[in-house]
Amino acid sequence: MAVSDADVLHVAALARLAIAPERVPALVRELNGILDHMAVLETVDVSTVDDDARDAMPRRDDVVAPIPLDRPLADFAPSPRDGFLLVPRLSTHSQLGASEGEE
């Protein structure tokens, strides 16, 4: 599968990125180079690799826990509420249906 100019422009639009038109051909070449490299890697024979080889790599425990902050929340957030940061509503978001008094 090859990447086209239209693909690059479509993804840029989805990501809301402005790309100069003269930059598009270089991005297409770079992305197609990455895909070509992946195609080469797909040809590597891994049938002789033992599944236990992956177990030799140490892994961290998958623990879901909050990450502690370096400083107390009140030091950098003027008005936290229930562990959340309160931020002012952007003026561009006022037309999205929230009333003026909502936070």
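The values are calculated or read from the model by the stated rules, or taken from the named source; none is laboratory data. Computed from a predicted model, the values in this text were never measured in an experiment. In this analysis, Cβ positions are derived from the backbone assuming ideal geometry, glycine residues included, and neighbour counts consider all displayed protein chains. Note: areas computed on protein heavy atoms with side chains; ligands, DNA, RNA excluded. Shrake-Rupley method; radii C 1.70, N 1.55, O 1.52, S 1.80 Å.
Helical content of the chain, expressed as a calculated mean residue ellipticity at 222 nm, amounts to -9500 deg cm²/dmol (DSSP H runs of 4 or more residues, -39,500 (n - 2.57) each, divided by residue number, nearest 500). Extending 7 Å from Cα along the Cβ direction at Asp45 and again at Leu69 yields two label points whose distance is 5.7 nm. Against the main long axis of the alpha-carbon atoms of the chain, helix 24-42 sits at an angle near 60°. Split the accessible area of the chain by element, probe 1.4 Å, and carbon with sulfur accounts for 60%.
For Ala6 and His37 in the same chain, what is the full-extension length gain: residue separation times 0.36 nm, less their Cα-Cα distance, in nm?
So the extension gain works out to 9.0 nm.
Note on volume of the Cα convex hull per residue in Å³: of the candidates [x] 265; [y] 138; [z] 158, the value calculated from this structure sits at [x].
Rolling a 1.4 Å probe over the protein heavy atoms gives the chain an accessible area of 93 Å² per residue.
Relative contact order, whole percent, for the chain stands at 16, derived from Cα pairs under 8 Å and 6 or more residues apart.
Ranking Val46, Pro68, Phe84 by Cα position along the charge dipole of the chain, where only Lys, Arg, Asp and Glu carry charges on their C-beta atoms, puts Phe84 farthest toward the positive end.
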